[in-house]
Amino acid sequence: EGLYRLMQESPDFEPYIGIVPFTLFDLEDVLRNLDLCRKRFDAKKYRVINGWSPANERMLDFKDIISPDIVFFTDQWEVTLPQYSIEHFCKESLTCYTPYGIYAANLQEGQYDSAFYEFLDLFFCETKIHKYMGEKYGTHLDGKLIVSGYMRLDDMLEKAENIEYIWKIQSNTL
């Protein structure tokens, strides 16, 4: 959210959030999730491009609507349609990856050496450990790794009044 707001305030950017279908479910679930996402982004006053066209009853190609200079991906796995994949954007756009979650599984080669990374320009990784693993296991990540922190913790840390006491106080009587 912080990055979106900075880009929104800058005269150099026109940020949009593209809502893409998670295609591992049936069409009814896909449409319900797209609608839920759109409502959440609308509530936060994001500019949104929905991947579903109710008028045409089909999934859209964002390139038919805008020509993005920068595209951020939060998922490296093939869980959507080809028109939302990194391969579809990599020739015309700067492609960036900010992981949706902190991957802790012992699957480093799959996490850092998939075909996704061949098309990636910048990988904003969570920690120095993740950068190290990317350098060690990723054959396509030379010069692409930047330690930026974990984006989903930013909001919590910014709102914390006293960072030293951020965790729940444990009772000695239990």
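At-a-glance table
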| item | result |
| --- | --- |
| For Gly18, distant residues with modelled amide H under 5 Å away | Ile49 |
| Gain upon complete extension [Trp77, Lys45; 0.36 nm per residue less C-alpha separation] | 8.7 nm |
| Range of Cα positions in the stretch 1-73 per principal axis (Å), largest first | 39, 25, 22 |
| Probe 1.4 Å, protein heavy atoms only - accessible area per residue of the stretch 18-116 in square angstrom | 61 |
| Sites Leu27 and Lys63, calculated FRET efficiency, Cβ-Cβ separation with R0 22 Å, nearest 0.05 | 0.45 |
| Potential extension, Thr139-Leu94 segment - 0.36 nm per residue separation minus Cα distance | 14.3 nm |
| Cα-based equivalent ellipsoid of the stretch 1-143: semi-axis lengths in Å, sorted from largest, via gyration tensor | 27, 19, 15 |
| Carbon/sulfur fraction of accessible area - the stretch 38-109, other protein chains in place, 1.4 Å, % | 53 |
| Residues of the stretch 68-83 with amide N under 20 Å of a point placed 7 Å along Cα→Cβ from Met7 | 68-77, 80-81, 83 |
| Rg to Rh quotient for the stretch 92-132, alpha carbon positions, Kirkwood Rh | 0.96 |
| Highest to lowest packing among 108-117, 33-42, 54-63, scored as the average C-beta count within 10 Å | 108-117, 33-42, 54-63 |
| Label-point gap, in nm, between Ala55 and Ser148 - each point 7 angstrom along Cα→Cβ | 3.3 |
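The values are calculated or read from the model by the stated rules, or taken from the named source; none is laboratory data. Just so you know, these numbers come straight off a predicted model, no measurement behind them. We place every Cβ from the backbone using ideal geometry, glycine too, and count neighbours over all the protein chains shown. Note: accessible area is taken over every heavy atom of the protein model, side chains too, but ligands, DNA and RNA are not part of it. Shrake-Rupley method; radii C 1.70, N 1.55, O 1.52, S 1.80 Å.
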